[in-house]
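Since every read-out is calculated from the coordinates, none of them should be taken as a lab result. Predicted model only: the values in this text are computed from it and were never measured. Counting neighbours? That spans all protein chains shown, and the Cβs are built from the backbone with ideal geometry, glycine included.
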Amino acid sequence: MRKLVSVLIAGAMCVSLLTACGGSSGPSSSGGADSGAAAEGSGAGSAQAVGSSMINIGIKADLTSLDPHNHNDTISAYATRHIYNNLVKLMPDNTFAGNLAESWEFKDDVTVEFTLKEGIKFHNGETLTSEDVKFSLERQKESPKVGHLVSMIDSVEVVDDTHFIIHMNTPSNALISSLNHSGCAIMCKSYVEGLEAEGKTVEDAPMGCGPYKFEEWNPGASFTLVKFDDYFDPETAAQNDGLVFKVIPEESARTIALETGELDMVIDLNTTDANRVRDNASLALDECDSTHVEYLALNVEKAPFDNKLVRQALNYAVKKDDIVIAAIDGEGDPFHNYIGTAAIGYYDTAVDYEYNPDKAKELLAEAGYADGFTFNCYLAGEIRARSATIIQANLAELGITMNIEQMEASTFYERTGKGEHDSCIAGWVANAEPDNTYRPLFISANAGAGGNRSFYKNPEVDKLVDDAAVNRDPAAVQKDYETILQTVSDDAIWVPLYTKKGLVARNKDLQGFVISPISMHDFYGVHY
């Protein structure tokens, strides 16, 4: 009966418009804090005929840009990562391999010579050359969104059509991993210059050499990519006719659309629907350990959190098991570290503060706060509000009053960036480059809006982060990161809360999906 109803609904959708309930949600940044961008709209759009190999994918918010050098969020990357290609790609074992690049070689600490694969075609038929690489990286350097990823590049020297040299202004371990980031996409120089000469932008008609060509974008509703038949790499060529990303902000509406057949997949499934999908014989749930970490950041510049003993006391006072249940329905794990276990750069050297209210009381008394105190906690979103409620109850048992101040995401980032908060609940999704986590979250220069919302300033940590970014000895880099994690956790600048599972729901007959711990999912292999 379910299958029959699904077929009937799919047929009806060919001649009618199905509108999903409105709502508000937001994407997450790659290698960054959760974005507050909200999107309104529906999953409405022309349904695919039975037997079609266009894949319909439900997402919670719209993209922000089709220019890979003008965004840094995961949903926009769902489009640009498949329209464009990068010089390198991240492999499942967290190593890097060539994508457009055939090979590369470090000539010295600041000079890297690259060889491009030959005969790669852009969607307009032009052949990729070193001039396109030079143009793209220089264009990216000017971007306020992703320019920081290539800040170590001083210049790009073109040797010939398939050979070029990157000259760095400082040694950097981040170069290769940064070139994997969606913001380092390679564009066609003549095409972009032609668009701009006509007064147009890349947003109007994105064009790359990826496995898909851009078809259309209906803001607030959907965006569509179609297979590129002349794609250079058979291993990552599209195994479907195209991808239709449908914007359905309301979480349960996405799940219903999957059940009825309007959608083939749902990205970032709502945790409350996880068991519902597991119990449906027609559906499947892909799960992975995510690099997403949630935490309570303590503003160390404000009393009483300028006292290390108080910060440590809060770490002992919070019952994280209860937060995992209340906030994400058990679809994650309590966490004590400062970078996700699935992330490059994770080491198990952080202090493990187990729930121990008696220990918390001892530390508070030693710090002079035996009778407790009052502080505020800024946050955005219902999930974090549920976390805050548990924390509030835990602290009340110690005589501490936490006033919860919930606000829109844009207001949250503005006010915490200025340091108005005593504490705040935030999240971070680590990407493939450890420096893109350690540097924004822990160094003095990024206190506030730069990402360090604890306003933590430790010259020794600053030195360790800088050394890890340039030291060519892997053992020394590992030691740097291990020491950083041990130091910040001993200083207790956060109360780490939990790490969340990555959840993607799909029709059980849909195969070839590759789930990513850093939310950089690949869809080219998806097929029935």
Exercise. Using a cut-off of 13 Å between beta-carbons, work out the net charge of the residues near Ala447 (Lys and Arg +1, Asp and Glu -1, Ala447 not included).
Key: +3
Quiz prompt | Inter-centroid distance (Cα atoms) of the stretch 79-151 relative to the stretch 161-235, Å | solution = 9
Exercise. Please name which of His163, Leu63, Asn124 has its Cα lying farthest along the dipole of the stretch 50-206 towards the positive end, using unit charges on Cβ (Lys, Arg +1; Asp, Glu -1) and the Cα centre as origin.
Key: Leu63
Quiz item: Can you give the charge dipole size of the stretch 349-468 about its Cα centre, rounded to the nearest 20 debye, using +1 on the beta carbon of Lys and Arg and -1 on the beta carbon of Asp and Glu?
Solution: 280
Practice problem: May I ask for the net charge around Ala174, where only other residues with Cβ less than 14 Å from the Cβ of Ala174 are counted and Lys, Arg are +1 while Asp, Glu are -1? | Solution: -4
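If you place +1 on the Cβ of every Lys and Arg and -1 on the Cβ of every Asp and Glu, how big does the dipole about the Cα centre of the stretch 289-500 come out, in debye to the nearest 20?
380
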Quiz item: Can you run phi through the Karplus equation (6.51, -1.76, 1.60; θ = phi - 60°) for the stretch 425-442 and list ³J(HN,Hα) in whole Hz, with x for Gly and Pro?
Solution: 9, 9, x, 8, 10, 6, 9, 7, 10, x, 4, 6, 9, 5, 5, x, 7, 10
Quiz item: Based on the mean of other beta carbon atoms within 10 Å per residue, what is the order of 492-505, 187-200, most packed first?
Solution: 492-505, 187-200
Practice problem: For the stretch 249-348, just say rounded, prolate or oblate: build the C-alpha gyration tensor, square-root its eigenvalues into a ≥ b ≥ c, call rounded for a/c under 1.5, and beyond that prolate if a/b exceeds b/c, oblate if not. | Solution: prolate
Self-check item: Distant-in-sequence amide H partners of Ser222 (H built 1.01 Å from N, under 5 Å)
Solution: Val247
Quiz item: Which ³J(HN,Hα) values, rounded to whole Hz and listed in residue order, are derived for the stretch 138-147 from phi using the Karplus coefficients 6.51, -1.76 and 1.60 in 6.51 cos²θ - 1.76 cosθ + 1.60 with θ = phi - 60°, glycine and proline given as x?
Solution: 5, 5, 4, 4, 7, 7, x, 8, 10, x
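How would the stretch 86-211 be classified by its alpha-carbon gyration tensor: rounded, prolate or oblate, with rounded meaning a/c under 1.5 and the a/b versus b/c comparison settling the rest? The partial results should precede the final answer.
Details: a/c = 1.58, a/b = 1.41, b/c = 1.12.
In terms of gyration-tensor shape, prolate.
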Quiz item: Excluding same-chain residues fewer than 8 positions from Lys418, which lysines have a Cα within less than 16 Å of its Cα?
Solution: Lys302, Lys457
Exercise. Any of Lys308/Lys500; Lys189/Lys213; Lys117/Lys189; Lys320/Lys361; Lys319/Lys361 with alpha carbons more than 20 Å apart? Name them for me.
Key: Lys308/Lys500
Quiz item: Once the dipole of the stretch 424-528 is set up with Lys and Arg at +1 and Asp and Glu at -1 on Cβ about the Cα centre, which of Leu441, Ile493, Ser519 lies farthest towards its positive end?
Solution: Ser519
Self-check item: Normalised contact order of the chain, rounded percent, pairs of Cα under 8 Å and 6 or more residues apart
Solution: 19
Practice problem: Tabulate in residue order the Karplus-calculated ³J(HN,Hα) for the stretch 511-516, using 6.51 cos²θ - 1.76 cosθ + 1.60 with θ = phi - 60°, rounded to whole Hz; enter x for Gly and Pro. | Solution: 10, x, 7, 10, 7, 10
Exercise. Please tell me the relative contact order of the stretch 289-500 in percent, rounded to the nearest whole number, where contacts are Cα pairs under 8 Å and at least six residues apart.
Key: 36
Quiz item: What is the set of long-range amide H partners of Asn376 at a cut-off below 5 Å, with H atoms built 1.01 Å from backbone N?
Solution: Asn403, Asp422, Ser423
Practice problem: Can you tell me the relative contact order of the stretch 88-191? Whole percent, Cα pairs under 8 Å, sequence separation 6 or more. | Solution: 29
Exercise. Could you tally the net charge around Pro211, taking each other residue with its Cβ under 15 Å from the Cβ of Pro211, Lys/Arg +1 and Asp/Glu -1?
Key: -1
